[in-house]
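Right, one structure below, let's go through it.
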Amino acid sequence: MRHRKKKFLLFWVLLLLGGLIPLKYFLTQMEEHKIVENYLSKNNLLGLSISKETALKVSDQVRKDFNIKESSWVGLNMNERPFLREDVATLLTYKEGVCGEGTRVIVDLLNRLGFDATRVTFYNKRLQAEHTLVSVVINEKEFFVDTINSLPKINTLLREHNISASDFDLIHYTDNITDRRTLAEESADKKRDFSNELEYYWLYSYTATPYTKLLSKLGFDVRIFNFDRPSHLSSILAERPNSLMFILSLMGYLLFFYFLYQYKRRKNNIYS
């Protein structure tokens with residue numbers, strides 16, 4: 001009898017300890033929510049209209065606040081970044097980083113204000129990521145918003161024009177060779193209005209889901225470029241690592257509970 005009581009107690013202790021992990025991420029995300037709301041309120045960004053002007057105002061505020069000189073940073077270490085990168089609370093606390101960090105903050109701020117925003121990365125001809133910025137869609141029309149640590153001419157271009165993925169005029173994959181030739185001929189006749197300014201940026205990819213980084217961790221030397229804009233929900237979670245970890249750890253906890261419960265029930269059946 002005493003032995004069964006010990007097992008019963010162990011069962012609940014394991015459940016309690018397992019539940020602490022998702023609880024930790026949930027509470028951390030709630031704290032981040034307060035920090036973000038305070039930042040929006042402090043800078044008079046709440047209650048603004050869903051427009052490009054508002055998106056630029058948010059971007060300008062972050063550009064103004066963030067220190068991009070790595071030699072003077074006190075909170076961030078670019079050589080020891082976590083896999084999911086620093087969360088928005090950390091970034092708004094230290095206000096340090098380059099384009100990737102700026103994008104995380106701006107995308108999260110815009111999404112909290114009711115925008116449909118996600119991250120997009122520009123690549124050079126060597127397939128190296130050169131700049132990460134924000135894609136915004138309003139009334140089914142997309143435009144890019146600059147973040148921080150960018151070339152002045154690119155910032156000016158994005159402010160004055162509605163640059164989007166369509167300006168890259170990529171030829172999407174088709175298995176039909178005749179279609180390939182036709183598309184190539186049609187593309188050759190086109191010239192981007194901003195080809196001179198964007199010539200350094202050869203390719204774009206929506207990087208809310210870091211496919212290349214995930215595969216690299218698994219040992220695959222491949223590059224994946226995502227030309228399909230991700231869903232709004234995945235864009236939100238991509239910039240909130242604590243929310244993502246809460247969901248994953250909660251799923252793990254529920255699976256753990258299920259298998260532990262099944263094991264306990266099987267044991268009880270054996271002894272009954």
Within the range 83-177, which helices (runs of 4 or more DSSP H) (wholly inside it) include 3 or more residues that are modelled with pLDDT of 95 or more and assigned by TED's automatic domain parsing to the domain that holds residue 202?
88-94, 99-112
Considering residues of the range 49-63 that are in contact (Cβ under 8 Å) with a residue 12 or more places away in the chain and more than 10 Å from residue 110 (Cβ to Cβ) only, the residue surrounded by the most Cβ atoms within 10 Å (Cβ to Cβ):
62
Specify which of the listed residues (229, 240, 192) is out of contact with any strand residue (DSSP E or B) (no Cβ under 9 Å at 6 or more places or on another chain), at pLDDT 90 or above, surrounded by 14 or more Cβ atoms within 10 Å (Cβ to Cβ) and charged (D, E, K, R).
240
Output the qualifying pairs, or none if there are none: Cβ atoms under 6 angstrom, residues six or more apart or on different chains, first residue in the range 223-247 and in contact (Cβ under 8 Å) with a residue 40 or more places away in the chain, second residue of a type in the set (D, E, K, R).
232/116; 239/104; 239/108; 241/87; 242/87
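The values are calculated or read from the model by the stated rules, or taken from the named source; none is laboratory data. Owing to the predicted nature of the structure, the values given are computational and were not obtained by experimental measurement. Quick reminder, even Gly has a Cβ in these numbers, built from the backbone with ideal geometry, and neighbours come from all protein chains shown.
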